[in-house]
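Below you will find the structure I want to go over with you.
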Amino acid sequence: MKRYAFYAVAASMLVFTACKKDGDVASKSELATERDKFSYAIGTDIGMSLKDFKDELDISVVFQGIRDHLEGKPAILTDEDNRAVKETVFKRISEVKQQDEVKKAETNKVSGEKYLADNAKKKGVVTTASGLQYEVIKEGTGAKPKSTDNVKVHYVGTTIAGKEFDSSVKRGEPVTFPVDRVIPGWTEALQLMSVGSKYKLCIPSALAYGERSAGPD
């Protein structure tokens, strides 16, 4: 199996005053004992686990639930009530999240299509039959890989807004992988490139991750 080296680039004012509640600590220096610090750390863990549900919670009631359980008091809700209300709320949260993802996907699709249409008009940009767009920054002189070959590449990945989301260059280490084991846009582009080439790729979502997310960006 051959190995190749490539470079791909792809007016009112509101004034609030905060009052310190009993038991609150305002700074690290007020966590005087190991017990204080451990308590705060556990509270932070609980807060992190509840972050996705913060808009559904009454924190004072959350504290009551924790306190009742730790003090061995009878639970106000039965196990059946617990399961029912959690299933209802979790289902609603999931449905809202799905709706938000659909709207986001639709917005991204429109933005992506406009970007590609504008980019296609630029001098030096080639659009293939699949919709992949590429611009040759430097043309290499070596052989071109086949889909069954492995390649070693340096790459920089950005969104259409120019935000960098991944970079082997920044990590200082190129990556090696089979040509046919990456997103379709890469598989196609790599087979167009000779060893030593540097291309700028614009990859439509259909040749990348489709409508699903691939990281926070």
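Grab the beta carbon distance between Glu80 and Arg35, set R0 = 30 Å, and tell me the FRET efficiency rounded to 0.05.
Efficiency, from the Cβ-Cβ distance: 0.25.
Return the whole-Å distance between the Cα centroid of the range 39-59 and the Cα centroid of the range 105-155.
After rounding, the separation between the Cα centres reads 44 Å.
Assuming R0 = 41 Å, what is the FRET efficiency of Ile137 and Glu106, from their Cβ-Cβ distance, to the nearest 0.05?
0.80
Please list Val96, Val179 from largest to smallest accessible area, probe radius 1.4 Å, with all protein chains kept in place.
Correct descending sequence by accessible area is Val96, Val179.
Compute, for the range 170-210, the length of the dipole vector about the Cα centre, with Cβ point charges of +1 (Lys, Arg) and -1 (Asp, Glu) only. Units Debye, rounded to 20.
For this selection, approximately 220 debye.
Suppose R0 equals 25 Å. What FRET efficiency, 1/(1 + (r/R0)^6) with r the Cβ-Cβ distance, do Val125 and Arg171 give to the nearest 0.05? Let's see the in-between values first.
Numbers: r = 28 Å, r/R0 = 1.12.
Efficiency computed from Cβ-Cβ geometry: 0.35.
Remind me, relative contact order of the range 39-186 in percent, using alpha carbon pairs under 8 angstrom and six or more residues apart? All intermediate terms of the calculation are to be shown ahead of the outcome.
Working: 75 pairs, mean separation 17.5, N = 148.
After rounding, I find 12 percent.
Sticking with this structure for a sec: On a 1.4 Å probe surface of the protein chains, which of Glu71, Glu211 comes out largest in accessible area, and what is the full order?
Values: Glu71 105, Glu211 155 Å².
If we order Glu71, Glu211 from most to least accessible, we get Glu211, Glu71.
Note the listed values [x] 20.0, 59; [y] 26.7, 77; [z] 23.6, 78, then indicate which one is Rg and Dmax of the Cα atoms in Å calculated from this particular structure.
Answer by label: [y].
Tell me the net charge near Asp217. Cut-off is 13 Å between Cβ atoms, Asp217 excluded, with +1 for each Lys or Arg and -1 for each Asp or Glu.
Neighbourhood net charge equals 0.
When ranked by the protection proxy of mean other Cβ atoms within 10 Å per residue, highest first, what sequence do the peptides 76-84, 111-119 form?
111-119, 76-84
Given Cα pairs under 8 Å that are at least 6 residues apart, what percent is the relative contact order of the range 137-217?
So the answer I get is 39 percent.
The values are calculated or read from the model by the stated rules, or taken from the named source; none is laboratory data. On a predicted model such as this, the values are computed, not experimentally measured, just so you know. In this analysis, Cβ positions are derived from the backbone assuming ideal geometry, glycine residues included, and neighbour counts consider all displayed protein chains. Only protein heavy atoms, including side chains, enter the accessible area calculation; ligands, DNA and RNA are left aside. Shrake-Rupley method; radii C 1.70, N 1.55, O 1.52, S 1.80 Å.
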